[in-house]
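For reference, the structure is listed below as structure tokens.
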Amino acid sequence: MIATVYLLVAVAFGFAVSIGAHYTGACMGMPYAAGAIRIVPALLVMAPLAFLGAALASSGVESTVGHGILVTGTVALGLALAIVTSALVLTSAYNFLTLPTSTIQILVFSTIGAGIAAGIPIDWRTIGALLGLWVVAPFAAFGLGFAYLRAADRLRAPGPRAAQLGRGAVVGLVGVGAAASFAMGANDVANASGAFVMTGLFGLVLAGTVGGLGLAVGILTWGRPLLRRVAFDLVHLDARMATASQLAQSTVILVSVGFGYFTSMNQALVGAMLGVGVARGQSTVLWKPVRAIVTGWALGPVSGFALGFALSTLVVRFFGG
């Protein structure tokens with residue numbers, strides 16, 4: 001029993017580390033790509049803000065993960081361990097491949113697979129709400145990115161390239177990256193620390209705080225590859241496009257978190273980037289890496305369900321859940 005608790009805490013913390021690394025590009029990719037901030041300062045700005053978002057603003061999403069997916073009072077430690085292990089293994093694999101999949105979708109479908117394997121009812125109303133949000137969010141980000149950029153361009157002619165950034169542009173870019181970092185902490189920490197809530201080990205705030213520490217560690221130690229990939233592989237950006245993209249993403253994420261739901265940071269960002277790209281002409285969008293990321297999004301839920309079901313079946317068979 002005690003050994004399982006320690007193992008669950010270790011695996012969940014490790015998953016939080018992986019999540020922190022996974023979303024560096026989604027949070028600080030735009031300011032970095034535009035030349036507003038260098039890579040090390042970007043990570044140093046992101047880490048504490050992600051921690052604060054997790055510690056202060058994640059309770060609604062923690063409750064959704066902990067109590068809103070599986071219809072049961074508490075989940076057995078072994079089953080929670082199988083869920084988190086599934087999500088950790090898959091997210092780490094996709095991190096290694098530098099493929100920005102949705103950690104949220106992996107976690108939710110791992111939980112569904114585990115629940116079915118253990119005979120626990122699924123709250124399909126919650127799943128339906130999440131699926132609806134996941135469909136809408138990239139399109140909302142696309143529309144906001146398009147609208148923000150068109151509004152900015154009406155006020156002033158298309159802005160300078162990164163090498164010519166003024167002080168105001170730098171402050172704006174870093175500011176929207178900071179907002180996205182806070183939003184990521186609130187939105188994504190429950191992927192890892194929701195296991196503490198579903199088993200009754202920790203309350204909502206403590207779960208968010210412990211998970212937030214893991215996010216910060218991951219950002220600082222393993223965040224560079226995805227930051228570089230998302231920053232430079234998708235869209236040719238000027239400062240205004242980068243600001244509009246990040247602002248659209250943050251708007252979508254913070255609104256979702258406000259209602260206690262979570263959605264993909266990467267999907268929101270890519271939707272916003274496509275929106276600003278179309279606003280400036282479709283030739284600014286590099287479609288080949290976009291297609292690769294869409295493939296990753298398709299693989300995430302399927303692989304999450306399969307591995308969650310398989311590991312949980314083993315837990316139920318050998319340890320009785």
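Being β-branched (Val, Ile, Thr), farther than 25 Å from GLY35 by Cβ and either within 16 Å of the chain's Cα centre (by Cα) or surrounded by 20 or more Cβ atoms within 10 Å (Cβ to Cβ) (or both): is that true of VAL205 here?
Considered against the rule, which asks whether it is β-branched (Val, Ile, Thr), farther than 25 Å from GLY35 by Cβ and either within 16 Å of the chain's Cα centre (by Cα) or surrounded by 20 or more Cβ atoms within 10 Å (Cβ to Cβ) (or both), VAL205 comes out as no.
Could you list, in sequence order, the residues of region 1-20 that are without any contact (Cβ under 8 Å) to a residue 60 or more places away in the chain and buried (at least 21 other Cβ atoms within 10 Å of the Cβ)?
none
When VAL255 is evaluated against the numbered criteria (1) surrounded by fewer than 24 Cβ atoms within 10 Å (Cβ to Cβ); (2) touching a Cys at 6+ places or on another chain (Cβ under 9 Å); (3) hydrophobic (A, V, I, L, M, F, W, C), which criterion, by number, is the only one it fails?
Tallying (1) surrounded by fewer than 24 Cβ atoms within 10 Å (Cβ to Cβ); (2) touching a Cys at 6+ places or on another chain (Cβ under 9 Å); (3) hydrophobic (A, V, I, L, M, F, W, C), VAL255 fails exactly one: (2).
From the list VAL71, VAL45, VAL108, pick out the single residue that is touching a helix residue (DSSP H, G or I) at 6+ places or on another chain (Cβ under 7 Å), over 15 Å from MET265 (Cβ atoms) and of a type in the set (A, V, I, L, M).
From the options VAL71, VAL45, VAL108, the qualifying one is VAL45.
Residues being without any contact (Cβ under 8 Å) to a residue 40 or more places away in the chain and touching a Phe, Trp or Tyr at 6+ places or on another chain (Cβ under 8 Å): count how many of those fall in region 21-45.
1
Only one of THR101, THR91 is touching a Ser or Thr at 6+ places or on another chain (Cβ under 6 Å) and surrounded by 24 or more Cβ atoms within 10 Å (Cβ to Cβ); which?
THR91
Return only the number of the condition from (1) at pLDDT 90 or above; (2) part of a helix (DSSP H, G or I); (3) among the polar types (S, T, N, Q) that GLN267 does not satisfy.
(1)
Tell me the residue from ALA93, ALA54 that is at negative phi, in a helix (DSSP H, G or I), aliphatic (A, V, I, L, M) and free of Cβ contacts under 8 Å to residues at least 12 places away in the same chain, please.
Of the residues listed, the single one that is at negative phi, in a helix (DSSP H, G or I), aliphatic (A, V, I, L, M) and free of Cβ contacts under 8 Å to residues at least 12 places away in the same chain is ALA93.
Any residue that is part of a loop (DSSP other than H, G, I, E, B), surrounded by fewer than 19 Cβ atoms within 10 Å (Cβ to Cβ) and either touching a helix residue (DSSP H, G or I) at 6+ places or on another chain (Cβ under 9 Å) or modelled with pLDDT under 90 (or both) - is there at least one of those in region 74-82?
yes
How many of the residues making up region 1-31 are farther than 17 Å from PHE182 by Cβ, in a helix (DSSP H, G or I) and more than 16 Å from the chain's Cα centre (by Cα)?
Summing the residues that are farther than 17 Å from PHE182 by Cβ, in a helix (DSSP H, G or I) and more than 16 Å from the chain's Cα centre (by Cα) in region 1-31 gives 10.
Do we find a residue being farther than 19 Å from ARG167 by Cβ and at pLDDT 95 or above anywhere in region 13-26?
Within region 13-26, the first condition is being farther than 19 Å from ARG167 by Cβ, and the residues that meet it are 13-26.
Now drop any that are not at pLDDT 95 or above, which leaves 13, 16.
Yes, because at least one residue in region 13-26 is farther than 19 Å from ARG167 by Cβ and at pLDDT 95 or above.
Please verify whether region 96-111 includes one or more residues that are in contact with a strand residue (DSSP E or B) (Cβ under 9 Å, 6 or more places away or on another chain), in a helix (DSSP H, G or I) and either under 27 Å from ALA12 (Cα atoms) or modelled with pLDDT of 95 or more (or both).
The initial filter retains those residues of region 96-111 that are in contact with a strand residue (DSSP E or B) (Cβ under 9 Å, 6 or more places away or on another chain), namely 111.
Checking the rest, the ones that are also in a helix (DSSP H, G or I) come to 111.
Filter once more, so that each one left must be either under 27 Å from ALA12 (Cα atoms) or modelled with pLDDT of 95 or more (or both): 111.
Checking region 96-111: at least one residue is in contact with a strand residue (DSSP E or B) (Cβ under 9 Å, 6 or more places away or on another chain), in a helix (DSSP H, G or I) and either under 27 Å from ALA12 (Cα atoms) or modelled with pLDDT of 95 or more (or both).
Quick one: which helices (runs of 4 or more DSSP H) sit completely within region 187-255 and have at least 3 residues that are at pLDDT 95 or above? Step through it out loud before you land on a result.
On the way: elements: 190-198, 204-222, 224-232.
Where helices (runs of 4 or more DSSP H) fall fully within region 187-255 and carry at least 3 residues being at pLDDT 95 or above, they are 190-198, 204-222.
Just one of the numbered conditions (1) among the hydrophobic types (A, V, I, L, M, F, W, C); (2) assigned to a helix (DSSP H, G or I); (3) out of contact with any Gly (no Cβ under 8 Å at 6 or more places or on another chain) is not true of ALA42; which one?
Of everything listed in (1) among the hydrophobic types (A, V, I, L, M, F, W, C); (2) assigned to a helix (DSSP H, G or I); (3) out of contact with any Gly (no Cβ under 8 Å at 6 or more places or on another chain), ALA42 misses just condition (3).
Has region 37-58 got any residue that is of a type in the set (Ser, Thr, Tyr), surrounded by fewer than 24 Cβ atoms within 10 Å (Cβ to Cβ) and either farther than 24 Å from GLY258 by Cβ or modelled with pLDDT of 95 or more (or both)?
no
The values are calculated or read from the model by the stated rules, or taken from the named source; none is laboratory data. The model shown is predicted, which means the values in this text are computed figures rather than measured ones. As a convention, Cβ positions derive from the backbone with ideal geometry for all residues, glycine included, and neighbour counts pool all protein chains shown.
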